[in-house]
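Read the structure below first, then the notes.
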Amino acid sequence: MPVLAAIGLGALGVLLLWWSNTPAVSSFADVITNAGRILGLLAGYGVVVLVALMARLPPLERGIGTDRLARWHAMGGRYIISLITAHALLIIWGYALTAHTGVIQESGTLVLDYPDVMMATVAAFLLLGVGIVSARAARRRLRYETWYYLHFYTYLAIALAFSHQFATGADFVASPSARIGWSAFYLSVGSAVLWYRIVCPLRNLARHQFRVTGLNREAPGVVSVHIGGRYLDELRAEPGQFFRWRFLTRGLWWSANPYSLSAMPHPDVLRITVKENGDHSGAVSRLRPGTRVIAEGPYGSMAVSRTGRQVLLLAGGVGITPLRAMFAALPGDVTLIYRASDIGDVVFRDELETIAQARGARVHYLIGSRAQLGGDPLSARQLQALVPGLHRREAYLCGPAGMMEAAVTALRAAGVPRRRIHYESFEF
Amino acid sequence: MRRIVFAVGGTLAGLAMLLSFKSHSSVGLAGIAAGAADSKPYSQASAGASGASGTTGGAGAKPGSVTTAGGGRLITGDVANTAYGPVQIQVTLTQNKITKVAVLEQPQSTENDIRIGDFAFPKLIQETLAAQNDKIDSVSGATYTSGGYIKSLQSVLDNGV
C-alpha cells in the first residue's frame, strides 16, 4: 500500500504547514477556528487526491485497479465532503465567537465581505450536490450518464474554491513558498488529468485509427462490437482488461464507458460485448460500421500473465465478457463456471464450446433462480463438487457485485486463499 | 458503518491532539517582543512645535511624543511584534490623563486579522481610558492583538508619563 502511505504523508505535510504557521491556540474561539482551518487544509488537499485517483495514472490503474480506485474515490469523496462541511461550519462558528456576533450574521459577513469566500461557498454547494447524487440511494435512480456528467462540476468547484485558500488562508497569506508548493500540487495533478484523460486518448486515436467494423447480436439485448484499427498490438492489451470507449457519433461522443475485451485482442481488431442497460449501452447496439472511436486504455489489473496454474473462471451474467477472453488465452487447466438467472442471458455458448473442446477445458452452466436450482449453486460445497482441486486453483471472478461477494466468501470457505482470488467489479 | 466510525473518530482524535498540543506549546504572549533595539522610544521635548499635530496614521511611526495644539501630548508607543503582525498605538495625554488612543498599526495580513482588530481595539481603548494605566484585560479571541496593544501601551507609559 505505498499509495496509501504517500497519501498519508501528504496529509501529514498539510498538518505540518498548519503547525508551523500557528503561534498558539489560546481561547475557545481559537480552538474552533483552528479546527476549521485544519479541516479546510485537509479538504483542499484531499479534493486533489480524489482527482488524482481518477486521473488514469498508469501505475495506479495497474497496481491498484480501476474498481478499487473508484471505491477509494467514493469513500474518500464522502469523507472530504464531510470535511468541507465541517470546515465551513467551524470557521463560521469560530469567527462568530471571536467577533462576538451571531452565526447567521457571521455567515453573511464571511460570504459577502471576505475575499473569494462567495466563490468558495458556491463550490462547497456544488461538491455537496455531487456528493448527494453519488450517494447510493440517489445513484440508483440516476442514469449513469447524468451521474457521470454531474461529476464534472467538481472541476469547476475546485477551481472556484482555489482562490479563497490564498486570499483568506493564514497559512498562505504570509508564505509565498506555501503558495508555490500548494499551486504546484494542484497544477501537477491538473496536468496529469489533462495528459492521461485527454492528450493520450487523442494520440491513441491518431495512431490507431479506431473504427467500428461490425456488430454482432449475441442474445436479446446483448451485442458485440468489433473495433478495427492499426498497430493494436502496440497497446499490449491482455485478455481480462478493458478500455473506456468513446464512440464519436451523435448522442455517444460525450461519454466514455468501460467495456471489457470479450475476445483475444488482435493486431487489427478488438471486440467488446455490451449488454443494453442504460442509454449508453442501448445506443451502442445501434452503432454504424465506420464510426470513429476513441479508446482509453487498456485498464484493469485482472490481466493474466501467470502461467502453469490450475484456474477457475467464475462468471455471472454479462460478467462473462472478460472471462470469455481469458478462457481462450489462459494456459493450463481451466474450468469455467457460468452463472445466469435465465437461459436467455447466456451468450457465447458456441464460442465457449469451441474453446473448451479445442483446449480440453470444462464449462459448467448454472442457470436458473436459486429456487429452481434448489439452493445456492455457488456455495462452497457446490463449488467443491463441481471443480476438482478447487483449493489449489487461481480464481478469476466477474459479475454483479452481490454475486461476487457471495462467491468470494464461498471460495474462501472452500480453502482458496484470498491472494488467489482475483476480481474486478464494473460498477464505477 | 465501522469505517465511518473510524473516520470520524480518527479525525476528531487527531484534531483534539493537534489543538491541545498547540495550546500548550507556547505560553500566552511569548510571541510578543518589543520593537527592534534601534527604535528605542524617546520622549521629545515639546520645543514650540505646537502647530504640528504629531504623527497620526502611517505604519511604523517613530516612537516619541509631540505637543498638540490643545496643550495635550501625543505619545507614540513602540511597535510590538505579535505572531500575527505588528501593533503600535499612539496615546493623547491631556494633563497627564489618557484622553485618546489611536491605533497606528495592526495585524492585517488576513481579513480575519483586520476584523479581530476592529472589535478588539475599541474594547482595549475603552478599558485603557477607564483604567488610565496598562493593567487592562486582554480581549478574548484576540489574545495576541491585545498583548501587542498592551506592550505598546506600556512603552508609552514607561517613557511618556
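Every read-out reported here was derived from the displayed coordinates using simple, explicitly stated rules and does not represent laboratory data. Every value quoted in this text rests on a predicted model; they were computed, and no experiment measured them. Using ideal geometry, Cβ is built from the backbone for each residue, glycine included, and neighbour counts are taken over all protein chains shown.
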Check: In the structure displayed, which of B:22/B:135; B:62/B:135; B:62/B:123; B:62/B:97; B:100/B:135; B:22/B:123 lie more than 20 Å apart, Cα to Cα?
Finding: B:22/B:135; B:62/B:135; B:62/B:123; B:62/B:97; B:22/B:123
Notebook entry, point to check: What order do you get for A:294, A:80 when you list them from fewest to most C-beta neighbours inside 10 Å?
Noted result: A:294, A:80
Next item on the list: When you have a sec, figure out the Kirkwood radius of the protein assembly as shown from all distinct Cα pair distances and drop it here in Å to one decimal?
Entry: 28.8 Å
Check: Under a 5 Å amide H to amide H cut-off, with H placed in plane at 1.01 Å, what residues pair with residue A:316 once short-range neighbours are removed?
Finding: A:339, A:398, A:399
Margin query: Which of A:187, A:270, A:60 has the fewest other C-beta atoms within 10 Å, and how do the rest follow up to the most?
Written below: A:187, A:60, A:270
Checklist line | For the protein assembly as shown, size of Cβ-based charge dipole, Lys and Arg +1, Asp and Glu -1, in debye | finding: 1980 debye
Notebook entry, point to check: Do any trypsin sites (Lys or Arg not before Pro) in the stretch A:195-258 lie in a DSSP loop with no more than 14 other beta carbon atoms within 10 Å, and if so, which?
Noted result: A:230, A:236, A:250
Next item on the list: List A:242, A:162 from most exposed to least, where exposure is judged by having the fewest other Cβ atoms within 10 Å.
Entry: A:162, A:242
Item checked: For the stretch A:28-36, 3J(HN,Hα) per residue [Karplus equation, 6.51 cos²θ - 1.76 cosθ + 1.60, θ = phi - 60°, Hz, x = Gly/Pro] -> 4, 4, 5, 4, 5, 4, 6, 4, x
Next item on the list: Would you work out the charge dipole size for the stretch A:1-151 about its Cα centre, treating the Cβ of every Lys and Arg as +1 and the Cβ of every Asp and Glu as -1, and quote it to the nearest 20 debye?
Entry: 840 debye
Next item on the list: Quick one: net charge around residue A:353, please, counting Lys, Arg +1 and Asp, Glu -1 for every other residue with C-beta under 13 Å from its C-beta.
Entry: +2
Check: For the pair residue A:166 and residue A:197, what calculated FRET efficiency results from E = 1/(1 + (r/R0)^6), where r is the Cβ-Cβ distance and R0 = 25 Å, to the nearest 0.05?
Finding: 0.40
Item checked: GNM flexibility winner over chain A from A:165, A:382, A:241 (Cα, springs under 10 Å) -> A:382
Item checked: FRET efficiency estimate (nearest 0.05) - Cβ-Cβ, residue A:288 to residue A:357, R0 45 angstrom -> 0.80
Next item on the list: Could you tally the net charge around residue B:154, taking each other residue with its Cβ under 13 Å from the Cβ of residue B:154, Lys/Arg +1 and Asp/Glu -1?
Entry: -1
Notebook entry, point to check: How far is helix A:320-329 tilted, in degrees, relative to the longest principal axis of the Cα atoms in chain A, given as a value from 0 to 90 rounded to the nearest 10?
Noted result: 60 degrees
Notebook entry, point to check: Along the three principal axes, how long is the stretch A:285-428 when you take its alpha carbons, biggest first, rounded to the nearest angstrom?
Noted result: 49, 36, 34
Item checked: Spin-label proximity, residue B:132 to the stretch B:89-104 - amide N less than 12 Å from point 7 Å beyond Cα toward beta carbon -> B:94-99
Notebook entry, point to check: Taking R0 as 22 Å, what's the FRET efficiency between residue A:150 and residue A:68 from their Cβ-Cβ distance, rounded to 0.05?
Noted result: 0.45
Notebook entry, point to check: Per residue of A:18-29, what is the mean number of Cβ atoms on other protein chains within 10 angstrom of that residue's Cβ?
Noted result: 6
Checklist line | Unit charges on C-beta of K, R, D, E only; dipole of the stretch A:96-231, Debye | finding: 1040 debye
Notebook entry, point to check: To the nearest 10 degrees, how steeply does helix A:2-21 sit against the main Cα axis of chain A, on a 0 to 90 scale?
Noted result: 0 degrees
Item checked: Net lengthening on full extension, residue A:367/residue A:174 (0.36 nm per residue, minus Cα-Cα) -> 62.7 nm
Margin query: If each residue of separation counts as 0.36 nm, what is the full-extension length gain between residue A:406 and residue A:230 once their alpha-carbon separation is subtracted?
Written below: 59.2 nm
